[in-house]
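Have a look at the structure below before the remarks.
The values are calculated or read from the model by the stated rules, or taken from the named source; none is laboratory data. What you are looking at is a predicted structure, and each value in this text was computed from that prediction instead of being measured. For neighbour counting, all protein chains shown are included, and Cβ atoms are generated from backbone atoms with ideal geometry for every residue, glycine included. We work out accessible area using only protein heavy atoms, side chains counted, and drop any ligands, DNA or RNA first. Shrake-Rupley method; radii C 1.70, N 1.55, O 1.52, S 1.80 Å.
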Amino acid sequence: MPVAPVTPPLRLSPKVLLTDPIRMLPSLILPLAGVLFIGGFSPGSFLWAAFGIAGSVIYSAIRWATFTYQVVGDRLELTRALISRSVRTIPLERIRGVDVSTPPLHRLLDIAVLRIDTGAGGNDKQEGELDGVTAAEAERLKAVLLWHARARAGVPAGSGPGAAGAAGTVRGAAEAGTAPGAGEPAVTHYGTRGAGTPAPDRVFISVPRRWLVYGPLSGAYLLTPFALVAGAVGAAFQWGGELGLGERILWSAGEWLWDHPLLLAAAFALLLLAMPVIGVVMYAVFNWDFTLRSREGYLVAERGLLTRRSVSLERRRVRGFELVEGLVERRAGMARTWAIVTGLGDSQTRGQLLPVVPLPAALEVAGEAVGRIAADLRRHPAAARRRRLFRAISPWLVAAAGGLVAAVTEGSGFWWALVAAALLLAALGVPLGLDRYRSLGHAYDGSRLSVRSGSLRRSQAVVERRAVVGWTLSQTWFQRRAGLLTVTAGVGAGTGGYAAVDVGAAAGVDFVAEVTPDWLAPFVDGGTPA
């Protein structure tokens, strides 16, 4: 078993003496503003404000001087010794990923933030963070930690799926600027990263910049203008008093705007026009030059414009992938992809394999990087369609009936409007229910299983058979009447379970028996009790 050499205690870059005080400024703004307002902007108030800023610099200097890190044998030690000595120990074999990010100020100073994922549930207090190492030291330490983590776990460097022939082709490479599978030429990339024996990198995809136009298809990016306005209004009410803006003034401004409907409509129209533009900008900020590659047994995703981030996922812990399509994304033929990984903290961020990209590219890249399923999804019975329609229509029909009773009793136009709205939503429930039914499916190809469901947010999970640790077969009263059940595969990764919804009762049991036949043998006819 290899043992990492003992390195001398190291400190962060002295450049953190510039970044730490600046990072503390947001928390100091309100106290400093309060000091200046209370002091009437007198020379004394400015002096106290200067003392506050100087204190933050001194505090940062003390934190830098009392913090060290070093690799000692089979562990990484983070030591802080100010009044008392505190040592955080991270066993190298527990390290499951290393995240290197470079916020704008860090990039300007050529330093980085290195975070260590130990599978502790995503709580930063339970993991290691080195905020302020040089960019070169971040890459060196990342290579050392990942290599020794694999070596101590008994996995040779450079092994794992896809490691052989690492000079593989790029599907959907930026040079071609097209989706994979469209007959574009293969492109080869090489690299020499990592500790131990250098191995070539395999680039699965470099997202072309022209795909930035797909940013508005994601609702999270599209609604950014309204989120910014809502945040600004909330901040004004929360901190307006500190800046001399009372609630009366803010309410008066709102009432004035309400009394000028044309101006209000123009502001709303401006926000609507800003939605696609801001969507592209936000997509670019988070996913600029998104690259997914294989390096020394890890999947490495790099992205970001202002803050450049590199996330490493250990391939032997990857159990599958999840393909997610919003309603707008589906209509445009787009999808997003996440890896299903054991013990991964903050999986929604760290586990992202691809942002919004064309669906063929998402399927091709996920298939090459993680593994594709070689079986088509099986349709669910007609009873599942009736159940989808009933659930999409009946709530609105009940609301319409209640509104109709109130409208006849009171004769109010409000209730008639409510009845009309409920009937419209019930009519829209028909295509929604049919689409939900068409989205249902499950499959198994002998090594991987897949389940899919949802309409407004359709999700398909592809999971390796070895990841299944248990099954849950559940039936509601309505499902029993319809001869259906929900089969949930318990997986020690990702969300913990992936469900095939409204499967035929017999087909659901057969699905479990097909994937894990030995588990059901004692409970079926002819089985030998364990």
Self-check item: Boolean, THR307 is out of contact with any helix residue (DSSP H, G or I) (no Cβ under 8 Å at 6 or more places or on another chain) and either open to solvent by less than 10 Å² (accessible area, probe 1.4 Å) or over 19 Å from GLN460 (Cβ atoms) (or both)
Solution: no
Practice problem: Examine the stretch 436-445 for a residue that is closer than 24 Å to MET334 by Cα, part of a helix (DSSP H, G or I) and open to solvent by less than 30 Å² (accessible area, probe 1.4 Å), and state whether such a residue exists. | Solution: yes
Quiz prompt | Looking only at the stretch 310-331, and only at residues there that are in a helix (DSSP H, G or I) and in contact with a helix residue (DSSP H, G or I) (Cβ under 7 Å, 6 or more places away or on another chain), the one that is least open to solvent (accessible area, probe 1.4 Å) | solution = GLU329
Practice problem: Give the residue that is nearest to GLY371 (Cα to Cα), with candidates limited to residues of the stretch 474-503 that are touching a helix residue (DSSP H, G or I) at 6+ places or on another chain (Cβ under 6 Å) and outside any loop (DSSP other than H, G, I, E, B). | Solution: VAL491
Quiz item: Picking from ARG316, ARG330, ARG309, which residue would you name as being more than 17 Å from the chain's Cα centre (by Cα), of a type outside the set (A, V, I, L, M) and modelled with pLDDT of 90 or more?
Solution: ARG330
Practice problem: Quickly run through the stretch 84-99 and pick out the residues that are touching a residue at least 60 places away in the same chain (Cβ under 8 Å) and either open to solvent by less than 10 Å² (accessible area, probe 1.4 Å) or assigned to a helix (DSSP H, G or I) (or both). | Solution: LEU92, GLU93, GLY97, VAL98, ASP99
Exercise. Return yes or no: is ALA406 farther than 30 Å from GLN475 by Cβ and either assigned to a helix (DSSP H, G or I) or modelled with pLDDT under 90 (or both)?
Key: yes
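Given the criterion acidic (Asp, Glu), modelled with pLDDT of 90 or more and over 21 Å from TYR498 (Cα atoms), identify the matching residue among ASP289, ASP376. Lay out the reasoning, then the answer.
Values: ASP376 fails: over 21 Å from TYR498 (Cα atoms).
Exactly one of ASP289, ASP376 is acidic (Asp, Glu), modelled with pLDDT of 90 or more and over 21 Å from TYR498 (Cα atoms), namely ASP289.
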Quiz item: Could you give every pair whose Cβ atoms fall below 6 Å, whose first residue belongs to the stretch 273-287 and is assigned to a helix (DSSP H, G or I), and whose second residue is of a type in the set (Val, Ile, Thr) and buried (at least 16 other Cβ atoms within 10 Å of the Cβ), counting only separations of at least 6 or pairs across chains?
Solution: ILE278/THR224; MET282/THR224
